[in-house]
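S.K.: Input: one structure, supplied below.
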Amino acid sequence: MKKIRLVLPLALLPIAALAACSSTATAADAERREIRELLDRSHITALVDRLGHALDEGAFEDFRQIYTADASATTPGGMAQGVDAMIAQAGRSHSADKKVQHFISNVIVDLRGDTAAVSANLLATFAPVVEGTLTEPKYTLGEIYSFDAVRTAEGWRLSRIRSTPQWAIGTRF
């Protein structure tokens, strides 16, 4: 009996080592998943930031690197299906006679594997363009943005945008 008590801990040593390796592997896997999730959230948030920049700068061709080819949009500017229609819609809503600034905040990304639901707040401020003069804004719109995002071969892209107006100040021109 005494020999069994002495040998038993030695016999259990390989099992303990396996358990330690298994928990280390599990911890490493969890860390890798967490890092991937952080990167995914960062990439999706960057798309939303790039969208605001493209709208402000009138760089609507950048939509091709932000949206999927078959993306859809429902905004105060209308409905559009496909990135080409979205580019045309943005051109109509953001014409050269006005400057627009988009302030996008509180981006929330709900990851679901290779897709994500995204929400954000938007303030869009419109001011008339008068050559060489800063003008005061004539219209400010508060909206809730809702996006769908999907992981593609080129990386994350937005596949749907819906903006829901919450309030407005001034007169849209």
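The values are calculated or read from the model by the stated rules, or taken from the named source; none is laboratory data. Note that the structure is a prediction, hence the values are computed from the model and not measured. Note that each Cβ is placed from the backbone with ideal geometry, even for glycine, and that neighbours are counted across all protein chains shown. Accessible surface is based on the protein model in full, side chains and every heavy atom, while ligands, DNA and RNA are left aside. Shrake-Rupley method; radii C 1.70, N 1.55, O 1.52, S 1.80 Å.
S.K.: Considering (1) touching a His at 6+ places or on another chain (Cβ under 6 Å); (2) within 26 Å of Asp40 (Cβ to Cβ), say which one Val100 fails and leave the rest.
M.R.: (2)
S.K.: Within the set of pairs 6 or more residues apart or between chains, which connect a residue that is more than 15 Å from His102 (Cβ to Cβ) and without any contact (Cβ under 8 Å) to a residue 60 or more places away in the chain inside segment 123-149 to a residue that is open to solvent by 70 Å² or more (accessible area, probe 1.4 Å) and assigned to a loop (DSSP other than H, G, I, E, B) with Cβ atoms less than 6 Å apart?
M.R.: Filtered contacts from segment 123-149: Val129/Asp97; Lys138/Phe173.
S.K.: Cβ-Cβ under 7 Å, sequence separation 6+ or interchain: first residue in segment 47-64 and in contact (Cβ under 8 Å) with a residue 12 or more places away in the chain, partner part of a helix (DSSP H, G or I) and basic (Lys, Arg). Which pairs?
M.R.: That search, which allows pairs on different chains as well, returns Asp62/Arg50.
The rows are residues; the columns are (1) over 16 Å from Ser163 (Cα atoms); (2) surrounded by 18 or more Cβ atoms within 10 Å (Cβ to Cβ); (3) among the small types (Gly, Ala, Ser).
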residue	(1), (2), (3)
Ile35	yes, no, no
Val48	no, yes, no
Leu51	no, yes, no
Gln65	yes, no, no
Gly77	no, no, yes
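S.K.: Got a number for residues in segment 55-109 being more than 23 Å from Glu154 (Cβ to Cβ) and part of a strand (DSSP E or B)? Spell out how you get there, then give the answer.
M.R.: Step one: of segment 55-109, the residues more than 23 Å from Glu154 (Cβ to Cβ) are 56, 58, 74-79, 91-103, 105-106, 108.
Narrowing the set further to residues that are part of a strand (DSSP E or B) leaves 74-75, 78-79, 98-103, 105-106, 108.
Number satisfying all stated conditions: 13.
S.K.: Looking at Met86, is it open to solvent by 30 Å² or more (accessible area, probe 1.4 Å), among the aliphatic types (A, V, I, L, M), on the phi < 0 side of the Ramachandran plot and at pLDDT 95 or above?
M.R.: No: the conditions fail for Met86.
S.K.: Between residues in segment 78-95 that are within 22 Å of Ala127 (Cα to Cα) and residues that are among the polar types (S, T, N, Q) and in a helix (DSSP H, G or I), which pairs lie under 7 Å by C-beta distance while being six or more apart or on different chains?
M.R.: Once the first residue is within 22 Å of Ala127 (Cα to Cα) and sits in segment 78-95, its partners that are among the polar types (S, T, N, Q) and in a helix (DSSP H, G or I) give Gly78/Gln89.
S.K.: Does segment 84-110 hold any residues that are in contact with a helix residue (DSSP H, G or I) (Cβ under 7 Å, 6 or more places away or on another chain) and small (Gly, Ala, Ser), and which are they?
M.R.: Residues satisfying the conditions are Ala90, Gly91.
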